[in-house]
Every structure is written in structure tokens, then in C-alpha cells.
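The values are calculated or read from the model by the stated rules, or taken from the named source; none is laboratory data. Since we're looking at a predicted model, the values are computed, not measured. Note that each Cβ is placed from the backbone with ideal geometry, even for glycine, and that neighbours are counted across all protein chains shown.
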Ligand code: GLN
């Protein structure tokens, strides 16, 4: 039926064990053996996609080229492998039920009773097949923890999947915790035993166990786990804690994970080529320089909310042998009086994307401070809006200018809701107003952008046209374009038809590095291929720090 093989990754004991990173790392190792790999995430929650979820609860929303709003683990998948993620790489319970209910309403089930088994499970299995697309391996990560009620239909579907496509084509990998108990002076295997027992009670015998722990497991411990969990000793892999996430594939390889996977799936591959990963980890662990970047935002308590951003910043330092220290500053705490002190340790300032009015004036103060004191400044999406508002108010003399998202009565809506525009991607006229639905109504996904020669942007990218990912409703208001340009704002990136302002910056004589972009460049940065804007920003911050 198919040549594609499937690896299902489940998690036990507790959440946050790093299932996403483990799945991404397995992908990296199999790619390094020359296999074509993709990764899919199945999420048990009922939201149709994470787009409407608060980043405080669920972390960042990762946006793909095709405009899907997905789980942040897809960001790891793209950073660790060369796979391109899209709508078929993330399914939630909500999305599965939505499609089954639509079919039921259309009468597709011909009068039958629609049930979890087989209708929901069939829908899940079909969704898994959608990711295959001429790949050698599809890695499917099941969200949640074994024992949760919500994930049961997914587990039942992957159990059935083995019988459907043949046992030689399916592998189950289970990630568990092996905690070190200081008072006993030893690691404990009982949580792993229980978790595997739970998995077996629903019909899944794991083939490989990844044991998250803070030390390499001894032969004794491995043999104990093997005995109780019905696997062989070399199928018990230590998933040791690491300082640098890009070390995970190397640890797994050292433990023999990739050779075990190809052996069990009965595939022949070349030996893994991990030199680039080794070099990357070496560079990241022994930097010669360091810079401090202040990230002035709203979700500063939970760094999960800015996952891709944090990664992109650290990638930007890699070619410069520079460690990027992040200093999260809660914009609600900043005002014109304390701004200088609060940001005094920063070599560069970044205002990330965001929604809503909270802390907005603090972000505007941060942009002012960066502009006036020639500190490198990077504004992303809402961060660009903030930079434009600050410039309009304090340089172009447009008192009380604002984004109409924040102040609908502003006399100068320099950022506004475009109610009607022609979408080049879909070739359709799009409309929206403040009453439009929240889910899936933003400018989403990859859009082309033309760069103006001789600008900071075109110098950083060394290209004339680029493609970047968007996720926003509000846009630069062209009614104020000439007024702002006359006062020194440079529009360096535009949509190809010239209608949408995508990048603004300052003249080089006015500021060493000040740039705001309407898109989210962080989604396209890779450790082996850092994003040009982040590389250029970190370089400017490094120069600033050394002044
Ligand atoms: N809230 C703004 C908008 O919708 C910016 C969104 C963002 O920063 N991603 O346009």
C-alpha cells in the first residue's frame, strides 16, 4: 500500500518532558542518514487550531508558509529538519470532529450512527496519511500524557494503524521520566513501569523507551526497565537533560537510537552525518562574545510564548561566536521616567509581536529610548506598529497618533485596519471590519516582499525580493506614508504591488540599526541558517556593546 514508515511518539508520567524536541531530534537523526522525513503533531484539545489560544496557556502560535496557525512544536520540527510544515502537519481533536460533523451534515455517512470508533478514529488515520506525501518516514507526535481521557481516540487510532499498514511499517516510541531521588541517592523506574503498563492496557506495546533523566542510565537500570516494560536493554535510551537543545540529537545518537530505529523498521541507510550538528553545538557552547537583548513584551513570564523568537535571537549570534543573553522586560512596568534605567543593561532592544493595549505605552517608551540613544532596535509586527506610532508622535509631529487597534478615536491612525484589499495569494478581494470573526481572519502565512536597494533590509538579506510569514490584522496606513517619509522614515520593504508597507527603518546617518517589520522573521530562522535580520541585529548590538 505504501513505502512510508511511521514512528509514533507518545509521552508518559507528566507533561513538558520534551516530546516535541525528542520528535524533532529523531527527525534530524533520520535526515542525517539520508531519509526523507516529515513530522506531524496530533493535539488532543478541542480548539480547531491554537490560533485563538492565549500564549500564556499554550505558548507561541507557530505560523507556517501556507498560513496555518499551529502548535509551537512545529517550530522545533522545522528548526531541526528540512521539512516544511503546513496544514497537514497539525491536527487537533477540534479539527478532526469539525470535519466529521461537516461530513455528517452533508449526509456522507448515509444514515449510519456516527461514533468515535470507527468514524473519529478513521478520520484521525486519514489525517495521518495526509502527511506522508512521498516521505520515507513520518514521525507522529501525540500531544498530552498517557492516561488523559482526551488523547484516547488518538491512541486507539495509532493502535489500529499498525494492523492497517503492517507491523514492519510502524514503530512506537514512548518518552517517560526516570527521576533521580536525592534522599534515596538513586533513580527510580516505577513511573516508567506504570506509564508503559497504562499504554499496554490500551493495546500499545512500545518498541523503544526514551527515558528523560539527569544522568546516563546504568546497565542495571536499563535492564530493570527492559524487564518490566517488555523491551530489550538496547531499546531503553537515556534522554539526558542538556544545556543546549541542539545537543539532543547527538545524545540520542550516542545512545544508539537512530541505528535501533532503522533496524526495527528494517530499512537500510547510510551512516549518520552529524558533523554539522557537532560543530553547531561546539560553537553554541563556547562563544567568544556575548550581548544582552532586552525583549520588551507582555508575555515575559513565560518564555514559551516567544519560543521561535528566542531561538532566532540565539541563532543570530552563532555566526558571530556570540552568546545572546535575553532580558525579558515587562512593558507594563516601563514608563518615560524609568525607561533608561530599566533598559540600561541592553545592547539591543526588541519589541515582539502581540495583541491588545496592555503595556503598549511602555513599548512606545522603549522605542523612543532606542531611537534617541542610537541603541539597535528591532520591532516585529506589533513592534513595528509601536515604532511607527512613536515616530509619528515624536518626530513627525502627529500628536496622539496611534494604531486604531489600541485607540479607535486617534486623530492620526498611522496603523489601521484595512477593510478591503486584494489578496495576491488567493487572487480574491478580501474584506473585514472590527466585527469579523477572530479565528482565521488575519493576514496569515507567507507573502512576498520587495526590498528597496541600498537599505539596511536589502543589505541584510542580500536579495531584492523575499518571502516572510505574517499573522496580523492591522497594517501601516498609506495616508501617512509621505508625511512620515518627509520626516526621515524609510520604507524599505513593500508588497510587490506597492500597496502594503512591510518594512520600515531609519536612514543610516540617523541611527546605526533601527528596523520594524510587519512579518514574523523568527519563524524562518534555523540554527544552521540563521535569519539575516537577526544576524544583522545581533551584529549591531555586539558593536553597540563594545562601544
Ligand atoms: N495586534 C496586531 C495586529 O493584529 C499585531 C499582531 C502581531 O504582532 N502578530 O495587527
### Summary
Residues of segment 98-124 being under 25 Å from the mean Cα position of the chain (by Cα) and surrounded by fewer than 19 Cβ atoms within 10 Å (Cβ to Cβ), in sequence order, are 98
### Message
I'm checking my understanding of the structure. Among residues of segment 222-234 that are surrounded by fewer than 21 Cβ atoms within 10 Å (Cβ to Cβ) and not in a loop (DSSP other than H, G, I, E, B), which one is nearest to the chain's Cα centre (by Cα)?
### Response
234
### Task
Go through segment 255-273 residue by residue and tally those that are within 27 Å of the chain's Cα centre (by Cα) and surrounded by fewer than 19 Cβ atoms within 10 Å (Cβ to Cβ).
1
### Summary
Of the residues in segment 465-498 that are within 16 Å of the ligand (Cβ to nearest atom) and either surrounded by fewer than 17 Cβ atoms within 10 Å (Cβ to Cβ) or not in a strand (DSSP E or B) (or both), the one that is farthest from the chain's Cα centre (by Cα) is 478
### Query
What number of residues in segment 413-426 are within 12 Å of the ligand (Cβ to nearest atom) and either crowded, with 24+ Cβ neighbours inside 10 Å or assigned to a loop (DSSP other than H, G, I, E, B) (or both)?
2
### Task
Select from segment 239-270 the residues that are part of a helix (DSSP H, G or I), without any contact (Cβ under 8 Å) to a residue 40 or more places away in the chain and farther than 15 Å from residue 281 by Cβ and list them in ascending order.
259, 263
### Message
List the helices (runs of 4 or more DSSP H) inside segment 295-412, counting only whole elements, that have at least 1 residues being away from the ligand (no atom under 16 Å from the Cβ) and under 27 Å from the mean Cα position of the chain (by Cα).
### Response
307-317
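Go through segment 522-547 and give me each residue that's within 16 Å of the ligand (Cβ to nearest atom) and either at pLDDT below 95 or in contact with a strand residue (DSSP E or B) (Cβ under 6 Å, 6 or more places away or on another chain) (or both).
Result: 523, single match.
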### Query
Can you tell me how many residues in segment 484-514 are touching a residue at least 40 places away in the same chain (Cβ under 8 Å), closer than 23 Å to residue 421 by Cα and in contact with a helix residue (DSSP H, G or I) (Cβ under 8 Å, 6 or more places away or on another chain)?
6
### Summary
From the option list 67, 34, single residue qualifying as part of a loop (DSSP other than H, G, I, E, B) and closer than 12 Å to residue 88 by Cα is 67
### Summary
Within segment 449-459, the count of residues that are buried (at least 22 other Cβ atoms within 10 Å of the Cβ) and touching a helix residue (DSSP H, G or I) at 6+ places or on another chain (Cβ under 8 Å) comes to 3
### Task
Tell me which residues, restricted to segment 14-36, are surrounded by fewer than 23 Cβ atoms within 10 Å (Cβ to Cβ) and more than 18 Å from residue 256 (Cα to Cα).
14, 15, 16, 17, 18, 36
### Message
Considering only segment 450-457, I want to know if a residue exists there that is assigned to a helix (DSSP H, G or I), more than 12 Å from the ligand (Cβ to nearest atom) and either closer than 27 Å to residue 309 by Cβ or under 29 Å from the mean Cα position of the chain (by Cα) (or both).
### Response
yes
